[in-house]
Amino acid sequence: MAVNVDAEYLKEIEKTRRDLRALISSRNCAPIMLRLAWHDAGTYDAKKKTGGANGSIRFKEELNRPHNKGLEKAVAFCEEVKAKHPRVSYADLYQLAGVVAVEVTGGPAIPFTPGRKDADSADDGELPNPNEGASHLRTLFSRMGLLDRDIVALSGGHTLGRAHKERSDFEGPWTQDPLKFDNSYFVELLKGETPGLLQLKTDKALLDDPKFHPFVKLYAKVD
């Protein structure tokens with residue numbers, strides 16, 4: 001849930017943005033910050049109007065779930081910024097961290113609307129299982145009110161970062177330059193399997209499914 005914010009809060013958001021930019025650049029932690037933003041938002045249930053980008057991932061009950069392994073590091077990084085800007089909600093902080101992560105790695109400037117309220121407890125909500133296929137993706141993302149095009153676009157976030165064996169049982173990057181935000185994820189998908197690069201079952205589902213595939217081709221194009 002978002003609320004209107006005053007001018008002073010907007011100033012704090014801009015200061016927070018600058019501090020996040022400095023932190024992400026110095027720690028080289030853009031991928032995990034983007035993952036944090038997604039995992040906090042990915043609990044949303046459109047029908048129940050519950051979950052979503054509300055800062056709930058800071059609670060141990062949620063943070064300690066298997067699909068959130070490793071994110072305690074990102075939460076700790078954000079705490080450094082939160083200490084300087086206590087008025088900024090965790091919900092805004094985590095999403096702004098994702099925005100800045102995209103921007104500092106060469107991605108587009110993303111409009112940011114502040115005013116998210118913090119949850120006071122952990123959220124329920126399943127995130128994608130990398131061992132499942134297209135039907136799993138549709139079932140899961142439809143809960144969030146997302147369509148096929150949205151599912152493919154969100155999967156493109158894998159252009160940043162790599163999988164770690166100790167977190168997900170998988171190892172490796174999806175692209176040749178995992179610290180650059182671009183459309184390489186989709187380009188690599190269309191090439192097929194490449195030694196040293198990761199393609200999960202959920203990635204391959206985007207190629208194999210006739211409704212997902214056209215969006216992969218669309219996003220692989222360079223203007």
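Each value in this text was obtained by applying a stated rule to the coordinates, not by laboratory testing. Everything numeric in this text was worked out from a predicted model, so none of it was measured. Neighbour counts are summed over all protein chains in view; Cβ atoms, including those assigned to glycine, are modelled from backbone coordinates with ideal geometry.
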Short version: ³J(HN,Hα) in whole Hz for each residue of the stretch 27-41, in order, from phi by Karplus 6.51 cos²θ - 1.76 cosθ + 1.60 (θ = phi - 60°), x for Gly and Pro, what are they?
8, 6, 10, 4, x, 6, 5, 5, 4, 4, 4, 5, 5, 6, 7
For Arg116, list long-range residues whose amide hydrogen, built 1.01 Å from N in the peptide plane, is under 5 Å from its own amide hydrogen.
Val3, Asp92
Can you tell me how the stretch 106-223 classifies by the Cα gyration tensor, rounded, prolate or oblate, using a/c under 1.5 as the rounded cut?
rounded
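For the chain, what does the relative contact order come out to in percent, with C-alpha contacts under 8 Å and a separation of six or more? Write down the numbers at each step before the final one.
On the way: 344 pairs, mean separation 48.3, N = 223.
Over the chain, the number comes to 22 percent.
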So if R0 is 41 Å, what FRET efficiency would Ala83 and Leu207 give, r being the distance between their Cβ atoms, rounded to the nearest 0.05?
0.40
Running a GNM on the chain with Cα contacts under 10 Å, which residue among Lys201, Lys191, Lys15 ends up with the highest mean-square fluctuation?
Lys191
Counting each DSSP H run of 4 or more residues in the chain as -39500 (n - 2.57), what helix-only mean residue ellipticity at 222 nm follows after dividing by all residues, to the nearest 500 deg cm²/dmol?
-15000 deg cm²/dmol
Leaving out same-chain residues fewer than 8 places away, which lysines sit with a Cα under 27 Å from that of Lys60?
Lys47, Lys48, Lys49, Lys69, Lys73, Lys82, Lys84, Lys117, Lys165
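Specify whether the C-alpha gyration tensor of the stretch 1-90 places it in the rounded, prolate or oblate class, a ≥ b ≥ c being the square roots of the eigenvalues: rounded for a/c under 1.5, otherwise prolate if a/b is larger than b/c and oblate if not. Present the calculation step by step, with values, prior to reporting the outcome.
Numbers: a/c = 2.10, a/b = 1.13, b/c = 1.85.
Judged from the Cα gyration tensor, the stretch 1-90 comes out oblate (a/c at least 1.5, b/c at or above a/b).
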For the stretch 106-146, what class follows from the C-alpha gyration tensor (a ≥ b ≥ c being the square roots of its eigenvalues): rounded when a/c is under 1.5, otherwise prolate if a/b is larger than b/c, else oblate?
oblate
Candidate lysines for bridging to Lys211, where Cα separation is under 17 Å - those fewer than 8 sequence places away on the same chain excluded
Lys201
Can you list the HN-Hα couplings for the stretch 128-136, worked out from phi with the Karplus curve (6.51, -1.76, 1.60; θ = phi - 60°), rounded to whole Hz and with x for Gly and Pro?
x, 8, x, 9, 10, x, 4, 5, 4
In what sequence do Tyr185, Tyr90, Tyr9 fall when counting other Cβ within 10 Å, fewest first?
Tyr9, Tyr90, Tyr185
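Which ordering of Asp203, Asp177 is given by a fewest-first count of other beta-carbon atoms within 10 Å? Working shown, then result.
Numbers: Asp203 17, Asp177 13.
Ascending Cβ contact count within 10 Å gives the list Asp177, Asp203.
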In the stretch 151-191, the GluC sites (Glu not before Pro) that fall in loop regions by DSSP, at most 12 other Cβ within 10 Å
Glu171
Which of Val100, Val75, Val187 fluctuates most in a GNM of the chain (C-alpha springs under 10 Å)? That residue is Val187
Using amide H atoms built in the peptide plane, which far-off residues or other-chain residues are under 5 Å from Thr50 H to H?
Asp45
HN-Hα couplings for the stretch 213-221 via Karplus (6.51, -1.76, 1.60; θ = phi - 60°), in whole Hz with x for Gly/Pro, come out as 3, x, 6, 4, 5, 4, 6, 7, 6
